[in-house]
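Below is one structure, written out as structure tokens; the observations come after it.
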Amino acid sequence: MDNIKILFGKKIKELRKKLNYTQAQLAEIVGVDNKHISCIESGKNFPSADLISRLAAAFLVETKDLFEFNYHKNPENLKDEINTMIEKLDNNELMLAYKYIKTFLIK
């Protein structure tokens, strides 16, 4: 399993790139040296609780979102997890889930 520092760093890099920030821009926004951002993204450093809060604010996400690494799961595990979720839905929730899924999978 990947180290939490590595997974966290990948998440920070992903969110930074999503907003088209450079490391230097993100560093300026959160008030740290851009080398520190580089070390976080590479998994060498782990930020303080205060910096984690500032990163979440910079990305306009909740702090907990910085620790969601589900996209690194094995596809089979993801399918099992999705099936388990679907089994727990009532009819109205199932219809809503179907509509969401269909919206994203239209080609």
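The values are calculated or read from the model by the stated rules, or taken from the named source; none is laboratory data. Just so it is clear, the model here is predicted, and its values are computed rather than measured. With ideal geometry, Cβ positions are generated from the backbone for all residues, glycine too; neighbour counts draw on all protein chains shown.
Does residue 44 satisfy the criteria of being over 18 Å from the mean Cα position of the chain (by Cα), basic (Lys, Arg) and surrounded by 11 or more Cβ atoms within 10 Å (Cβ to Cβ)?
When the stated conditions are applied, residue 44 passes them.
Within the set of pairs 6+ apart or on separate chains, which have a first residue in the range 77-95 that is touching a residue at least 40 places away in the same chain (Cβ under 8 Å), a second that is assigned to a helix (DSSP H, G or I), and C-beta atoms under 7 Å apart?
Note: no pairs meet the criteria.
Pairs please, first residue from the range 46-61 and in a helix (DSSP H, G or I), second anywhere and crowded, with 18+ Cβ neighbours inside 10 Å, Cβ atoms under 6 Å, 6+ apart in sequence or on different chains.
Short answer, once both residue conditions are applied: 54/30; 55/30; 56/66; 58/30; 59/15.
Filter the range 67-107 down to the residues that are at pLDDT 85 or above, aromatic (Phe, Trp, Tyr) and either surrounded by fewer than 10 Cβ atoms within 10 Å (Cβ to Cβ) or more than 30 Å from residue 53 (Cα to Cα) (or both) and list them by number.
Across the range 67-107, the qualifying residues are 98, 100.
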